[in-house]
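A.B. asks: Would you mind keeping the following structure in view while I ask a few things?
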Amino acid sequence: MDTILRDAMETGEGPKYRRLLAGLKQAIDDGELVAGDKLPPVRDLAWKIGVTPGTVARAFTLLAETGRVQAEVGRGTFVTDPGARQVPAPARSPVAAPDARAAASAWRTRAPEAIQPLYVEMPAEDDVFFAPRLADLGQIALVREGLRRAAEAPVEQLLAYPTFASHAALREAVLAWVPDDLRAGVTTEQVVLTNGGQNANLLVLQALLFDAPPVLLTEDLTYTGVLRAAELLGARVLPIPMDEEGARPDALEAAAREHGAQVFFTMPEAQNPTARTTSTRRRVAIAEIADRLGIDVIQDDCYRLGPPTGPSYRALMPERGWYLSSLSKAISPALRVGFAVAPEAAVTRLRRVVDTNFYGLARPMADVAAHVLTHPDTPALVEAARVHMAGYVRAAVNALGRFDIGWDENIPFLWLRLPRGWREAAFVQALAGIGIRVRPGSDFVDRDARAVNAVRISVNGQMPLERFSGAMQRIAQLLDHPPERSMA
């Protein structure tokens, strides 16, 4: 096989991944690799032939699409039996833009369990659970296809500034992507595109916090990015206590009346970092108070992987409900494509903020996102991602279930409240000492707040499940052995 691969890389035509793919095909077809043989690990083969791991990973993905090999979770990639091979149908690439709403709403074409993830091979010291990481289940091939199509756009399009009108296809696709109740009475004119979810938060806060003094209400533990955005805007952040159903309405109303708050930021579907969901009853109560007091509610829905568990604030209070999300957790964070659905009366104000900040989302990236969202395979891939990440959450719960954890299968992180004997800083440092990195709980409170004796453990779906489970067991073992000085 080595000779075939070297010849293919030296004499073949086209990009390196195509040359490697041709060499691998030849090695299998010529019998150099037979059924049951395991391909070398991505990183090892990359080093051996002098290419990047991404080049090898791409060739492996395309090789699997020919049916010659099959990736097995946690084991590797193996040559298949020629007599049992089934070559998947090629992904459809419509020449004309499809109807975005119909395409994005299409039911999945493949069962999620049939979609095999492509793992990123990492050295032992890289057990990182700081932020959720999504495996490649085929969505990157769609991204690459979109990039190729975007590169072939007319020259005049690639020389022009983006405009609101030029992103009509993506805004239509986004509107088909959001939960059903959000679409009632909403037009594409109310969809404003941003450079990711964090950018959406900052822009919406700029559009809302213009009265002095600016006051923002949040759940008492909340997304770090919105805390930093509020700080940048000079806004005062008031944390609202939570219970099992979500933010407490009585506390929210009292804080709003006392301090004249203008905005409430919340994550009711996947509360970051506690992994809670807000009950429908609680959402209705909060919406009633916010409507009565003239408070805008920003719903950040970036982390939800499954179907919604309750109504959106945009549906409950159309004149003051804002909805934010992005493609980062379902497709890829590399795209940096997010969006905000604004109340009709506030769209012009938000668009003015966008124009002042950056004129609009880059046209090539918008076209790539539109291609991915409208592709008929995307619903299957998104569902496969949810199933994949849910398996990791279950593995973490199996290892850590005897401790005080917050979790949900459709949320890609867990909230671990530390047992007696441990303090957050010492625990994070001890984990780092055994090669595990998690997010300290103190990151989710205002800078002046007291330390939170908890950590957030994010799902790293890019590592094999066996390795992930082993890391969770190591966390459990450490929890069982707090430092002696803390026990005094």
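Read-outs: derived from the displayed coordinates by stated rules, not from any lab. Just so we're clear, the structure is a prediction, and the values are computed from it rather than from any experiment. Every residue, glycine as well, gets a Cβ built from its backbone with ideal geometry; the counts of neighbours run over all protein chains shown.
A.B. asks: Please arrange Thr66, Thr374, Thr277, Thr188 by how many other C-beta atoms lie within 10 Å of their C-beta, fewest to most.
C.D. replies: Ascending number of Cβ neighbours within 10 Å: Thr66, Thr188, Thr277, Thr374.
A.B. asks: Hey, for a label at Thr356 modelled as a point 7 Å past Cα toward Cβ, could you say which residues of segment 210-250 have their backbone N under 14 Å away?
C.D. replies: Of the residues in segment 210-250, 210-212, 233-234 have backbone N under 14 Å from the label point off Thr356.
A.B. asks: So, one more: Using 0.36 nm per residue, how much length does the chain from Asp2 to Thr224 gain when fully extended, once their Cα-Cα distance is taken away?
C.D. replies: So the chain would gain 75.0 nm between Asp2 and Thr224.
A.B. asks: Now a separate question. State, to one decimal in nm, how far the label point of Glu466 lies from the label point of Glu288, with both points 7 Å from Cα in the Cβ direction.
C.D. replies: Here the modelled spin labels are 5.5 nm apart.
A.B. asks: Can you list residues whose amide H is under 5 Å from Ser325's amide H, if they're 5+ apart or on another chain and H is modeled 1.01 Å from N?
C.D. replies: Amide H to amide H, under 5 Å and 5 or more residues apart or across chains, Ser325 pairs with Asp301, Phe339.
A.B. asks: May I ask you to derive the FRET efficiency for Phe130 and Ala160 from their Cβ-Cβ distance with R0 = 25 Å, giving the value to the nearest 0.05?
C.D. replies: FRET efficiency, Phe130 to Ala160: 0.05.
A.B. asks: Let me ask something else about it. Sorted by mean Cβ packing within 10 Å, highest first, what order do the peptides 363-370, 391-398 take?
C.D. replies: For the peptides 363-370, 391-398, the packing ranking is 363-370, 391-398.
A.B. asks: Taking the structure as given and computing mean projected area of the Cα convex hull in nm², which label from (1) 22.3; (2) 25.3; (3) 23.9 fits?
C.D. replies: Step by step, mean projected area of the Cα convex hull in nm² for this structure corresponds to label (2).
A.B. asks: Test of understanding: ordering Tyr161, Tyr313 by Cβ neighbours within 10 Å, fewest first, what list do you get?
C.D. replies: Tyr161, Tyr313
A.B. asks: In what order do His375, His259, His481 fall by count of nearby beta-carbon atoms within 10 Å, going from fewest to most?
C.D. replies: His481, His259, His375
A.B. asks: Let me ask something else about it. So for the pair Val34, Glu258, with labels modelled 7 Å out along Cα→Cβ, what separation do we get in nm?
C.D. replies: 7.8 nm
A.B. asks: Only helical DSSP H runs with n ≥ 4 go in: add -39500 (n - 2.57) per run for the chain, normalise by residue count and round the 222 nm mean residue ellipticity to 500 deg cm²/dmol.
C.D. replies: -12500 deg cm²/dmol
A.B. asks: Right, another one. Express in whole angstrom the spacing between the alpha-carbon centres of segment 19-49 and segment 344-414.
C.D. replies: 34 Å
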